[in-house]
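Just below is one structure, and these are the notes that go with it.
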Amino acid sequence: MRTLYCKSDLSFIDLLRPMFSELNDMYWVAMTQTRWLRYDWIGSPREVEIFDHWCLPVPAFQGKDVSLWRPGALSALDGNLAFDEWSYFIGFQADEAEAIDRATQFGLSKFFSPEFYELLKRDGQLFAVYVDGWWEFSPATGDLFARITECAQCREMAPRTADQADRTPQFV
């Protein structure tokens, strides 16, 4: 698995804007410490609409800060996402019947483990992590890796490991 580092506070949607339609067509597992919507949306009718229309219920995520977004959600959320340290996004292609199973596997995985990276290669497209002033992208294919480097100024870094205590990127 190859990983890219991109120093930026922009959203991954803005960084990868030339790939927007491809990203928008994916399901997204989103995991954040706080809400992933701007604070002025919390409790508003717009928030309820977003959850009702764009979030697909996943029984394994109940009571957790994990959600599954339907394809098209990025269009609805564009410009309104909030990121905190260690926000995780996993994009994948599937039909709705298999999306919940895949999301469950991704959402309950131990991120950065060899098993997680294998799952990403087999069933996912992109793992995007916002750390603290930078993004890390782990694309499942070499083609996607190349397209991301065309969209954003990135540097290759060593993939993280599940037991890595130091959060400083290790560049290759």
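Observations
- In sequence order, calculated HN-Hα J values of segment 156-172 (Karplus, 6.51, -1.76, 1.60; Hz; x Gly/Pro): 7, 10, 5, x, 5, 10, 4, 9, 6, 7, 7, 8, 5, x, 9, 7, 10
- Here the spin labels are modelled as points 7 Å beyond Cα on the Cα-Cβ line, and at Lys7 and Asp101 they lie 4.4 nm apart.
- Proximal lysines relative to Lys7, as straight alpha-carbon distance under 27 Å, when same-chain residues fewer than 8 apart are discounted: Lys110, Lys121
- Gained length - Ser75 relative to Gln153, 0.36 nm times residue gap less alpha-carbon distance: 25.8 nm
- Whole-Hz couplings from phi, Karplus 6.51/-1.76/1.60, listed for segment 69-76; x for Gly and Pro: 9, 6, x, x, 5, 4, 4, 5
- Spacing of the modelled spin labels on Asp52 and Lys110, each 7 Å from Cα toward Cβ, amounts to 4.1 nm.
- Fewest-first ordering of Cys154, Cys55 by other beta carbons within 10 Å of each residue's beta carbon gives Cys55, Cys154.
- Relative contact order of segment 3-157, defined on C-alpha pairs under 8 angstrom at six or more residues apart (%): 36
No value in this document is a laboratory result; all are computed from the given coordinates. A quick note: this is a predicted structure, and the numbers were derived from the prediction, not measured. Here Cβ is always computed from backbone atoms with ideal geometry, including for glycine, and neighbour counts include all displayed protein chains.
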